[in-house]
Amino acid sequence: SQQLSNPPTQTMETEFIYYRHNTPIGVQVEEITGYEQLSGPNWVAFAKQVFSENSKDAYRVIDHYESGAPFLDGESSRISVSHTGHMLIVASLPRTPEADLSVFSPRTALGIDVESKEREQVLKVRERYLNDDELTMVPADDVVANVIAWTAKEALFKAALMEGVDFRSRIILKSLPTLDSPQTAEAYVVDNDGNNIDFLLYSYESEGNVVTIAITAKTATFKKRK
């Protein structure tokens, strides 16, 4: 097992801030923020450059499978990527050379999503991604809770490696994580054969954003989960 906790470092003339840390569930997360004067695709491109250069081993290249799932060129570590505003976030697992990262496996299941905790737009579209039970579970006037629910669904969608999945009927939240607790919440995804795949959810706040990670109980992580 391995535990990582690096203080934020400033790069590219101190405009970008790079931070790598290990979450309580054993998923390594790398966050890139800053350079507010850049916007749109240019910001994302530069942030990915910062990520690629901040490695202990060598320069890293983010590529994508045909499904759209990201991977590190030449590496056997599962990654998941998300960005919003001026934050790029990359989650990764330990190397699993025995696994085929182009397909789903409970051992390499990983999804991450980030969204501003003040994104009120989620209140207007919550009926599109929450089923009836979830609409009851998530308060209609609680922006943060709805953002957590949205990022949870997105993280689960990425972790399941399936295309064209209906968020209301096939990505199901059994409970909702909170931002101030290391405890995980529970969810499941219905696969193409009708089987339920159980997942764990963990959320935290960073730079005014909600970050949610989805893994399974069998996911290979950087440390043993309690």
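Which shape class applies to segment 100-202: rounded if a/c is under 1.5, otherwise prolate when a/b exceeds b/c and oblate if not, where a ≥ b ≥ c are the square roots of the Cα gyration tensor eigenvalues? Taking the square roots of the gyration eigenvalues as a ≥ b ≥ c, segment 100-202 is prolate.
Each Lys and Arg Cβ is given +1 and each Asp and Glu Cβ -1; about its Cα centre, the chain then shows a dipole of about 660 debye. Only DSSP H runs of four or more residues enter the estimate; each adds -39500 (n - 2.57), and after division by the residues of the chain the mean residue ellipticity at 222 nm equals -6500 deg cm²/dmol.
Calculated FRET efficiency, Asn192 to Gln37, Cβ-Cβ distance, R0 = 45 Å: about 0.50 to the nearest 0.05. The mean sequence distance of close C-alpha pairs (under 8 Å, at least 6 residues apart), as a share of the length of segment 158-221, puts its relative contact order at 24 percent. Surface composition of the chain: carbon plus sulfur atoms contribute 46% of the solvent-accessible area (1.4 Å probe, protein chains only, all chains present). For the residues Ile172, Ile197, Ile89, a GNM of the chain with alpha-carbon springs under 10 Å puts the largest fluctuation on Ile197.
Qualifying GluC sites (Glu not before Pro) in segment 139-216, where qualification requires a DSSP coil assignment and no more than 13 other C-beta atoms within 10 Å, comprise Glu163. Note on Gln121 and Ser175: their simple-model spin labels are 3.1 nm apart, each label 7 Å out from Cα toward Cβ. Compute the label zone of Tyr59 within segment 13-53: residues whose backbone N is under 11 Å from the point 7 Å along Cα-to-Cβ. Residues 52-53 qualify, since their backbone N sits under 11 Å from the label point. Think of a 1.4 Å ball rolled over the protein heavy atoms: the chain then has 50 Å² of accessible area per residue.
Would you give the gap between the C-alpha center of segment 66-116 and the C-alpha center of segment 166-226, rounded to a whole Å? Each part's Cα centre sits 14 Å from the other's. Normalising the average separation of contacting C-alpha pairs (under 8 angstrom, six or more residues apart) by the number of residues puts the relative contact order of segment 72-142 at 27 percent.
Among the GluC sites (Glu not before Pro) within segment 13-120, those in coil by DSSP and having at most 16 neighbouring Cβ atoms inside 10 Å are Glu13, Glu15, Glu36, Glu66, Glu98, Glu118, Glu120.
Could you pull out the pairs from Lys48/Lys124; Lys174/Lys218; Lys153/Lys223; Lys117/Lys218; Lys174/Lys223; Lys153/Lys218 whose alpha carbons sit more than 27 Å apart here?
Beyond 27 Å: Lys48/Lys124; Lys117/Lys218.
The residue among Pro97, Val211, Val165 whose Cα reaches farthest toward the positive pole of the charge dipole of the chain, with charges on the beta-carbon of Lys, Arg, Asp and Glu, is Pro97.
The values are calculated or read from the model by the stated rules, or taken from the named source; none is laboratory data. Note that the structure is predicted; figures quoted are calculated from it, not measured. Glycine gets a Cβ as well: all are built from the backbone with ideal geometry, and neighbour counts include every protein chain shown. In case anyone asks, the SASA skips ligands and DNA or RNA and just uses the protein heavy atoms, side chains included. Shrake-Rupley method; radii C 1.70, N 1.55, O 1.52, S 1.80 Å.
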